[in-house]
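Working notes, structure below.
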Amino acid sequence: MTRVLACCAMTLALATASVLSSSGSQAEAQSPLRSPDVPFIPTPPEVVVAMLSGAKVGPGDVVYDLGSGDGRIAIAAVRDFHAARATGIDIDPRRVSEAREIATVLGVADKVRFLNQDLFTTDIGDATVVTLYLLQSLNIKLVPKLRSLKPGTRIASHSFDMGSVWAPEQKLIVNGQKVYFWTVPGH
Ligand SMILES: C[S@@+](CC[C@H](N)C(=O)[O-])C[C@H]1O[C@@H](n2cnc3c(N)ncnc32)[C@H](O)[C@@H]1O
């Protein structure tokens, strides 16, 4: 766990620095499809590791991060947890460009894709794991979409639960930050 965390934090920091120094001005020329429902606030590396290990991500998994920011969760899913593939979805094209470049620098662009789309409309039907760092109100809005996924699909959410709409089956606290987990039941 410590090795995965150190590896995840250091490589992402180096890759981000390299991408930001080389491509900032091009990314700034783009603007979002519409205003993001929440701003970009990155999940700390130790929480990324807790989300992916708590969701038991492994070689058979297809991971989606809804609102993917700089791509750290989707990239770590493939690079550090050996998921088969991962998709990050972000409404802000600057985040998507940045994430794609980081994935390229880290050598995982063949297994990680980033889509500039609204997470409420993207088809995530092949997911086996979904990760979230949004808001409780957005998680609740996503419940019908999430509950329609394949039975057994795991969901991990940083900071926010789904209120009384869907109780989590597990809750962790990692360096003071909450992580919640659900599994899609049989239909
Ligand atoms: C709190 S950040 C989380 C970033 C990343 N998942 C992480 O944990 O480090 C939320 C991200 O969601 C994106 N976002 C907000 N509303 C969205 C929407 N409707 N569709 C897709 N992305 C959205 C924002 O641009 C931002 O990058």
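Laboratory data are not the source of any read-out in this text; all were calculated from the coordinates shown. Since we're looking at a predicted model, the values are computed, not measured. All Cβ positions, even for glycine, are placed from backbone atoms using ideal geometry, and neighbour counts span all protein chains on display.
Of all residues in region 90-138, those being outside any helix (DSSP H, G or I), more than 25 Å from LYS178 (Cα to Cα) and aliphatic (A, V, I, L, M) number 5. Across region 55-96, the number of residues qualifying as more than 10 Å from the ligand (Cβ to nearest atom), among the aliphatic types (A, V, I, L, M) and more than 27 Å from PRO151 (Cβ to Cβ) comes to 1.
If you go through region 72-86 and keep only what is assigned to a loop (DSSP other than H, G, I, E, B) and small (Gly, Ala, Ser), you end up with ALA83, ALA84. With respect to being over 17 Å from PRO39 (Cα atoms) and either without any contact (Cβ under 8 Å) to a residue 60 or more places away in the chain or in contact with a Lys or Arg (Cβ under 8 Å, 6 or more places away or on another chain) (or both), ARG113 fits the description. Just a yes or no: is a residue in region 163-183 touching a residue at least 12 places away in the same chain (Cβ under 8 Å), within 29 Å of SER31 (Cα to Cα) and touching a Phe, Trp or Tyr at 6+ places or on another chain (Cβ under 8 Å)? No, there is no match, as no residue in region 163-183 is touching a residue at least 12 places away in the same chain (Cβ under 8 Å), within 29 Å of SER31 (Cα to Cα) and touching a Phe, Trp or Tyr at 6+ places or on another chain (Cβ under 8 Å). For region 120-136, the criterion of a residue being buried (at least 19 other Cβ atoms within 10 Å of the Cβ) and away from the ligand (no atom under 16 Å from the Cβ) is satisfied by at least one position.
The set of residues from region 36-72 being touching a residue at least 60 places away in the same chain (Cβ under 8 Å), of a type in the set (Val, Ile, Thr) and in contact with a strand residue (DSSP E or B) (Cβ under 9 Å, 6 or more places away or on another chain) comprises THR43, VAL47, VAL57, VAL62, VAL63.
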